[in-house]
1. Do we find that E313 is surrounded by 15 or more Cβ atoms within 10 Å (Cβ to Cβ) and either modelled with pLDDT under 90 or more than 29 Å from V192 (Cβ to Cβ) (or both) in this structure?
2. Those residues that are open to solvent by less than 70 Å² (accessible area, probe 1.4 Å) and outside any loop (DSSP other than H, G, I, E, B), I need them from the stretch 151-171; list them, please.
3. Within the stretch 51-63, can one find any residue that is of a type in the set (A, V, I, L, M), surrounded by fewer than 24 Cβ atoms within 10 Å (Cβ to Cβ), assigned to a helix (DSSP H, G or I) and modelled with pLDDT of 90 or more?
4. Mind telling me which of the residues G148, G124 ends up being surrounded by 20 or more Cβ atoms within 10 Å (Cβ to Cβ) and touching a residue at least 40 places away in the same chain (Cβ under 8 Å)?
5. Of the conditions (1) of a type in the set (S, T, Y); (2) farther than 16 Å from A317 by Cβ; (3) open to solvent by less than 30 Å² (accessible area, probe 1.4 Å), S138 satisfies every one except a single condition; which number is it?
6. Give just the number: which of (1) farther than 19 Å from L307 by Cα; (2) aromatic (F, W, Y); (3) open to solvent by less than 90 Å² (accessible area, probe 1.4 Å) does Y174 not satisfy?
7. What's the number of the only condition in (1) without any contact (Cβ under 8 Å) to a residue 40 or more places away in the chain; (2) among the hydrophobic types (A, V, I, L, M, F, W, C); (3) over 29 Å from F102 (Cα atoms); (4) open to solvent by 40 Å² or more (accessible area, probe 1.4 Å) that V45 fails to meet?
8. Out of the residues in the stretch 15-37 meeting the condition of being touching a strand residue (DSSP E or B) at 6+ places or on another chain (Cβ under 8 Å) and either assigned to a helix (DSSP H, G or I) or among the aliphatic types (A, V, I, L, M) (or both), tell me which one is nearest to K285 (Cα to Cα).
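The values are calculated or read from the model by the stated rules, or taken from the named source; none is laboratory data. Just so it is clear, the model here is predicted, and its values are computed rather than measured. For neighbour counting, all protein chains shown are included, and Cβ atoms are generated from backbone atoms with ideal geometry for every residue, glycine included. Remember, those area values only see protein heavy atoms, side chains included, never the ligands or the DNA or RNA. Shrake-Rupley method; radii C 1.70, N 1.55, O 1.52, S 1.80 Å.
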Amino acid sequence: GMAYAELAGMPPEAAFLAAPIGLLLYAIFGSSRQLVLAVSSAVAVMSASIVSGFAVQGSAEFVTITSALAILVGVVAIIFGLLRLGLIARFFSESIMTGFIFGLAIVIVMKQMPKIFGIEAIDGNFWQRLIDLVQNLSETHVLTLFVGISSLLIMLLVERYLERVPAALIALFYGILISVIFGLDAKGVHVVGEIPRSFPIPAWPSISFRQWLLLIPGAIGITLVAFAEAIGPARDFASKYKYSIDENQELVGLGSANFGAGLFQGFSIGSSLSKSAANDAAGAKTQMSSIVAAGITLLVGLFLTWLFAPLPEATLAAIVIVAISGMFKVPEMRRLYRLNRPEFWLAAITFIGVLTLHEALVALLLGVVLALGV
């Protein structure tokens, strides 16, 4: 979450402002039992790109406009839900969402790889990031790579042999412990560093009426991407556990969470593939897990931020990679290839589009247009 706050151009502590209220409000108004709605890399990047047209990143104005954008995303999503426009989800066929989710999962993993190797990351699509990673492998920081690989191995072993033990939590403690014992920060391993304590206080963003109007197109774009990100996993979980979800209610849940995140000076949020996968793997059956997570996140933000200072970023990256691996849709792609070639190619084109195009929304719209054509 702290990494995604930085992706949104916000200070790391903004995650502790946006996540708790987002988790709580989605738990109240959403309809999925396993989906986690907190912070999203795609939404965070979109937020930063939109707000950068209005203010300089790092300025107080940037923070204010980012909060205003989140509020506006909330208003747009709630209006869509109340007008029963959840039917737009019908345009996101199962094959399109398979390719979209698979592509997003691969992109998120690629974004974590520079942290594993201790290499500076660049901005760009999947292919640009992959080429840059390969070209700079000679700059790998060996100690950082050891921390990242060992964290991955620990989680894989725990998940295989100790199914009831939370592997990510074990890796978290492992990373902090070895960092403190061996002084990894002084040896060139990037760590999270000091995070200021913050108490969420609601405040209405002070921006002009003209700025509110200019933010509307961006808010609509973020709403569509966030909804597309949410509806796919929500359907997956509903199918897996034999219950139904309400698409319009999902829009209201998404909107409520964003409105709250913006009101508490956070940033635009969406469903998290990695957190939802981890939530499901941990055995969550209802949104009570999100309510508990909201309370604990708030307490951590108030009293325990000092604990994360020595945590290696490579360990955080390893946690994300293992959690997101459950969203790799290889079996589903194979099934589509065997049973329905046109649907397979829709999924494949959407998948490649997510990897290739800088904006996830454009890749999703490409899939929708092709599906309508078919």
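1. Considered against the rule, which asks whether it is surrounded by 15 or more Cβ atoms within 10 Å (Cβ to Cβ) and either modelled with pLDDT under 90 or more than 29 Å from V192 (Cβ to Cβ) (or both), E313 comes out as no.
2. S151, L152, I154, M155, V158, A167, A168, I170, A171
3. The answer is yes; a qualifying residue exists.
4. Residue meeting the stated conditions: G148.
5. (3)
6. Unmet for Y174, out of (1) farther than 19 Å from L307 by Cα; (2) aromatic (F, W, Y); (3) open to solvent by less than 90 Å² (accessible area, probe 1.4 Å): (1).
7. Unmet for V45, out of (1) without any contact (Cβ under 8 Å) to a residue 40 or more places away in the chain; (2) among the hydrophobic types (A, V, I, L, M, F, W, C); (3) over 29 Å from F102 (Cα atoms); (4) open to solvent by 40 Å² or more (accessible area, probe 1.4 Å): (3).
8. L35
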